[in-house]
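Data block below; observations after.
Only the coordinates and a few stated rules stand behind these numbers; no lab work does. Computed from a predicted structure; not experimentally measured. Don't worry about glycine lacking a Cβ; one is built from the backbone with ideal geometry, like all the others, and counts go over all protein chains shown.
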Amino acid sequence: MVNEPSRDRLTGRRLGIRCPLLRRMNWSDRAFVLGCRPFGESGVILEAMTREHGRHLGLVHGGRSRRSRPVLQAGNSIAVAWRARLDDQLGTFTVEEEVSRAGRLIARPAALLGLATLASHLRLLAERDPHPHLFDAAESLLDRLDDAEVGPGLFALFELALLAEFGFGLDLASCAATGTTEDLIYVSPRTGRAVSRMPGEPYHDRLLPLPRFLREATDVAPDAGEIAAGFRLTGFFLTEHLYAPRDLSLPDERARYLGLSGSGGAV
Amino acid sequence: MAQTIAGPEIERLIQLLARLPGLGPRSARRAALHLIGRREQLLGPLADALAVARERITVCSACGNVDTSDPCTICRDPSRDPAIIVVVEGVSDLWALERAGAIRAGYHVLGGVLSPLDGVRPEHLSLDSLVARAGRPETKELILALSATVDGQTTAHYVTELVRHLPVTVTRLAHGVPIGGELDYLDEGTLTAALRQRTPF
């Protein structure tokens, strides 16, 4: 028996009406793999971060085959087509590989830990909630995750973008006390706003250090001290706004990633 | 609803067979009919074998292998090199390596790999016993024979960190072109790994 909504859709299809609901049952998008879990004997449930449809799960038939397994490794960019009869169903993905990164990433422990941390961060996002800017930032990060010089700095910037995407962006443009845009070296843990050197000096043990690379683009890669300060800053606000309210703590992999990136003092 | 065509005992046999990997309801029905048709030659011995297996199968307290004795046959084998421990994810991997017969060493079955998505954390794996075995004076090398997947290699790096303070050499299986593999059919990740790990020829 055909239920009411399905009949409407069928009628719409027959009449050639392009309603948004119809389009959502069958879409294609760019994505990267966050993880997979086995389903049945040969299938997997793929968790993918898609550009226009957010974090999305779907069944991949034959996902554990020899051909599909290398493609469905975390960190790989893929083109996905999702299909379902109803919008709230799990649906099925068909997958095609676009950029294979897993082979590169598994060679470096720090890159693997960075990947695990990135996936944990992205799992905080609501399912099927699109975040195209965050997707672009995450993909750029994945491209450089195995670069020991640039990767950690990009990671801290990504965490800053993640906070902003959740509505907890830090205001690092001007000093909260004087309004100046010069010599901003602290962040207030209470307001998340930058504080310049002079008004911040008396409270420097209570303020969080603001490294330069989080404030402005620089040609020089940040040193280990700046990276550690950057991660301390983002870690504080990630815990405060995203992890603690969900009764979670920052992923263990993050601390291990920082340890291997030479910024172990940040957490 | 499908009509029941056999008694509850046969239906139960079919249902249980259908739970085995590779068997669906239709093939389970065929297998059940095959067993029923060879009651004396197959069904009886199979039932006996299953009953004995159920009674005797145990997990080796040393390596995590399944066998009918503890320690298992492999751990008791004096011809194996006690200096080498091959770390595997599951018993099926151990059996695969034994089939290959490429190494005469001891094993350690982790019981899975770290997987944040499935909630598999270090405390779910037999890592403490591995560290204890790696710390014994006779142990010289750990071979991490884990899958070339993100989860498998994350676990491999985690194990490496755990035993870093011990005087053991940690090695892992090479990643690259499989025997009989043609380059144009290989995925980019495998090709990248194969090129990176090229050897003098």
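Scalar couplings 3J(HN,Hα) for the stretch A:140-154, obtained by applying the Karplus form with A = 6.51, B = -1.76, C = 1.60 to θ = phi - 60°, are 5, 4, 4, 5, 10, 4, 8, 8, 4, 7, 9, x, x, x, 4 Hz; x denotes Gly and Pro.
Dividing the helix sum by the residues of chain A, where each DSSP H run of 4 or more adds -39500 (n - 2.57), gives a mean residue ellipticity at 222 nm of -10000 deg cm²/dmol. Shown here for the stretch A:81-161: GluC sites (Glu not before Pro) in loop regions (DSSP other than H, G, I, E, B) with at most 16 other Cβ atoms within 10 Å, namely A:Glu149.
In terms of other Cβ atoms within 10 Å, A:Met49, A:Met198 run from fewest to most in the order A:Met198, A:Met49. Charge dipole of the stretch B:66-172 (Cα centre as origin; +1 on each Lys and Arg Cβ, -1 on each Asp and Glu Cβ, all else neutral): 320 debye, rounded to the nearest 20. Over all other residues within a Cβ to Cβ distance under 12 Å of A:Gly62, the charged ones net out to +3, with Lys and Arg as +1 and Asp and Glu as -1.
So, in Å, what gap is there between the alpha-carbon centers of the stretch A:164-194 and the stretch B:144-187? Taking the Cα centre of each part, the stretch A:164-194 and the stretch B:144-187 sit 44 Å apart.
Phi angles across the stretch B:171-183 convert, under the Karplus curve 6.51 cos²θ - 1.76 cosθ + 1.60 with θ = phi - 60°, into 3J(HN,Hα) values of 10, 9, 5, 6, 10, x, 6, x, 4, x, x, 9, 4 Hz, Gly and Pro given as x. What's the center-to-center distance, using Cα atoms, between the stretch B:1-71 and the stretch A:202-267 in Å? First find each Cα centre; the distance between them is then 56 Å.
Near the amide H of A:Ser261, within less than 5 Å, lie no amide hydrogens of residues on another chain or at least 5 residues away, with H placed in the peptide plane.
Amide H contacts for A:Val44 (H built 1.01 Å from N in the peptide plane; partners 5 or more residues away or on another chain; cut-off under 5 Å): A:Phe39, A:Val60, A:Gly62, A:Gly63, A:Arg64.
Between the amide H of A:Ala176 and those of A:Ala194, A:Val195, A:Ser196, distances stay under 5 Å, these residues lying 5 or more places away or on another chain, with hydrogens modeled in the peptide plane. Relative to the Cα centre, the charge distribution of the stretch B:8-56, modelled as +1 at Lys and Arg Cβ and -1 at Asp and Glu Cβ, gives a dipole magnitude of about 200 debye. Stretched out straight at 0.36 nm per residue, the stretch from A:Glu96 to A:Met25 would grow longer than its current Cα-Cα span by 23.7 nm. Counts of other chain beta carbons within 10 angstrom of each beta carbon in peptide B:188-198 average 4. Of interest is the spacing of the C-alpha centroids, which for the stretch A:104-142 and the stretch B:103-140 amounts to 27 Å. Shape class of the protein assembly as shown from the Cα gyration tensor (axes a ≥ b ≥ c, square roots of the eigenvalues): oblate, since a/c reaches 1.5 or more and a/b does not exceed b/c. Placing +1 on the Cβ of every Lys and Arg and -1 on the Cβ of every Asp and Glu, with nothing else charged, gives chain B a dipole about its Cα centre of roughly 360 debye. Would you work out which of B:Leu17, B:Leu130, B:Leu191 lies farthest towards the positive end of the dipole of chain B, given +1 charges on the beta-carbon of Lys and Arg and -1 on that of Asp and Glu, about the Cα centre? Most positive-ward Cα: B:Leu17. Sorting the segments A:111-118, A:73-80, B:194-201, A:189-196 by their mean number of nearby beta carbons within 10 angstrom, highest to lowest, gives A:111-118, A:73-80, A:189-196, B:194-201.
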